[in-house]
Amino acid sequence: MGRSNRAGRATDRDRAAADDAPAATGPGGRTHAQGPLTRAVGSGLAELRPDRDRPAAWSLLVDGAPQSLVDLADPTHLGFEYQRRLGHLVDLAAPPGRPLTVLHLGGGALTLARYVAATRPRSRQQVAETDTALTELVRAELPLERGWQIRVRGADAREVLERAPEGGADLVIADVFSGARVPAHCTTAEFTALAARALAPGGRYAVNIADGSALSFARAQVATLGAVFPELCLVADPAVLRGKRFGNLILAAAHTPLPLAELTRRVASDAALGRVEHGRALADFAAGAAPVTDAGAAPSPAPPPGVFR
């Protein structure tokens, strides 16, 4: 779950220091021998927790909610299932190795930006992350390689999207969370229209959301993206789609056809169960849901107690 929202907003001084600053800080990084680290940041209490299975990997949690998993020795490793599904969309955005221009809305530990930089050298990336204290923690403890062209802006995701050049991005990835909830102002048709405006011809928009039970929020998000983009699909665990558990759902949208066959193949081959919904099945999933607008927007539902234990 990424983070970039109006909660914990940076001061003007913080913004001046963070806006457009290169994210890379050099080689090295925190080692498991140093143990876990907990620090207060603008959006809550951040924890870097060593991964038990990978000697150079760390999980980032904020207020107990998992945000990112980073392997300093292997930036192509995507440990969370939702990150792997976003990774599939990165892989399918252009022929292998071709550089991309990517706008990330929500930064966290910059896992997807690392993945793009490692798999598509010379890609140009901008990240919107309002929590500048979190960004500084990530830079210091989980540094990026100096050659990666990643710039982090200490600003709200929607504000960055409003200022994004028209037609400048091959891929816009929205992974915007306040704690474990998608903030209301990043769930609307107006927000989606801004993302569509930022995309280059043939570009794609990918969104990570979380929902469960009746899936009312997810259904409304399908209707919202469908009001702006003619091509749309959804990827999620079948148990999440049946409302049996709370979890992540990935939406992908474009003005040109999506690579549905290859995406379906990749999702089916993943260790975590997943299903791709599109066409009539997706229309049936969202039946009766109305697009969300700024006038009536609400954040995504809070996860049930204990879901992250």
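Mean separation of Cα pairs under 8 Å and 6 or more residues apart, divided by the residue count, gives the chain a relative contact order of 19 percent. Backbone N atoms of region 239-267 closer than 19 Å to the 7 Å Cα→Cβ label point of ARG49 belong to residues 246-248.
Among HIS185, ALA236, VAL127, whose Cα lies farthest out toward the positive end of the dipole of the chain, if unit charges sit on the beta carbon of Lys, Arg (+1) and Asp, Glu (-1)? Towards the positive end, the residue furthest out is ALA236.
Tally Lys and Arg at +1 and Asp and Glu at -1 over the other residues with C-beta under 13 Å from the C-beta of GLU81: what net charge comes out? Spell out each step's value before the answer.
Values: positive: ARG84, ARG85, ARG245, ARG266, ARG275; negative: ASP237, ASP270.
Counting the neighbours of GLU81, the net charge comes to +3.
With the convex hull drawn around the C-alpha atoms of region 185-309, the volume per residue stands at 111 Å³.
For GLY226, neighbours were defined as the other residues whose beta-carbon sits under 14 Å from its Cβ, and their charges (Lys and Arg +1, Asp and Glu -1) total -1.
For the residues VAL127, VAL292, a 1.4 Å probe over the protein chains yields an accessible-area ranking, largest first, of VAL292, VAL127.
From the protein chains alone at 1.4 Å, what is the descending order of accessible area for GLU141, GLU231, largest first? Show your work: numbers first, answer last.
Values: GLU141 30, GLU231 65 Å².
The most accessible residue leads, giving GLU231, GLU141.
Remark: region 51-136 is approximated by an ellipsoid whose semi-axes, taken from the C-alpha gyration tensor as √(5λ), come to 21, 16, 11 Å, largest first. When HIS255, HIS88, HIS77 are compared by accessible surface with a 1.4 Å probe, the order from highest to lowest is HIS255, HIS77, HIS88.
Over all orientations, the chain has a Cα convex hull whose mean projected area works out to 14.5 square nanometres. Determine the percent antiparallel among the DSSP beta bridges restricted to the chain, to the nearest 5. In the chain, DSSP labels about 65 percent of beta bridges as antiparallel.
Rolling a 1.4 Å probe over the heavy atoms of the protein chains gives region 111-202 an accessible area of 33 Å² per residue. Comparing ASP53, ASP170, ASP74 in a Gaussian network model of the chain where C-alpha atoms under 10 Å apart are linked, the largest mean-square fluctuation is found at ASP53.
Karplus-derived 3J(HN,Hα) values for region 61-76, using 6.51 cos²θ - 1.76 cosθ + 1.60 with θ = phi - 60°, are 10, 10, 6, x, 8, x, 10, 8, 10, 10, 9, 5, 8, 8, x, 7 Hz; glycine and proline are entered as x. Its Cα centre serving as origin, region 113-254 has a Cβ charge dipole (Lys and Arg +1, Asp and Glu -1) of approximately 300 debye.
Mind checking the dipole of the chain: about its Cα centre, +1 per Lys or Arg Cβ, -1 per Asp or Glu Cβ, Debye to the nearest 20? All intermediate terms of the calculation are to be shown ahead of the outcome.
On the way: 35 positive and 32 negative charges, 72 e Å.
My answer is approximately 340 debye.
If a paramagnetic tag sat 7 Å from the Cα of ALA295 along the Cα-Cβ line, which residues of region 185-216 would have the backbone N under 14 Å from that point? Under cut-off, by backbone N: 189-190.
Result for the chain in a Gaussian network model with C-alpha springs under 10 Å: among SER213, SER43, SER68, the largest mean-square fluctuation is at SER213. With θ taken as phi - 60° and the Karplus curve 6.51 cos²θ - 1.76 cosθ + 1.60 applied, the whole-hertz 3J(HN,Hα) list for region 126-135 is 10, 10, 9, 9, 6, 7, 5, 5, 5, 4 Hz, x standing for glycine and proline. At a 1.4 Å probe, what is the % contribution of carbon and sulfur to the accessible area of the chain? About 52 percent, which is the carbon plus sulfur part of the accessible surface. Which one of PRO75, PRO230, PRO183 has the biggest mean-square fluctuation once the chain is modelled by GNM with Cα springs under 10 Å? Result for the chain, Cα springs under 10 Å: PRO230 fluctuates most.
The values are calculated or read from the model by the stated rules, or taken from the named source; none is laboratory data. Given the structure is predicted, the values throughout are model-derived calculations rather than measurements. In this analysis, Cβ positions are derived from the backbone assuming ideal geometry, glycine residues included, and neighbour counts consider all displayed protein chains. Only protein heavy atoms, including side chains, enter the accessible area calculation; ligands, DNA and RNA are left aside. Shrake-Rupley method; radii C 1.70, N 1.55, O 1.52, S 1.80 Å.
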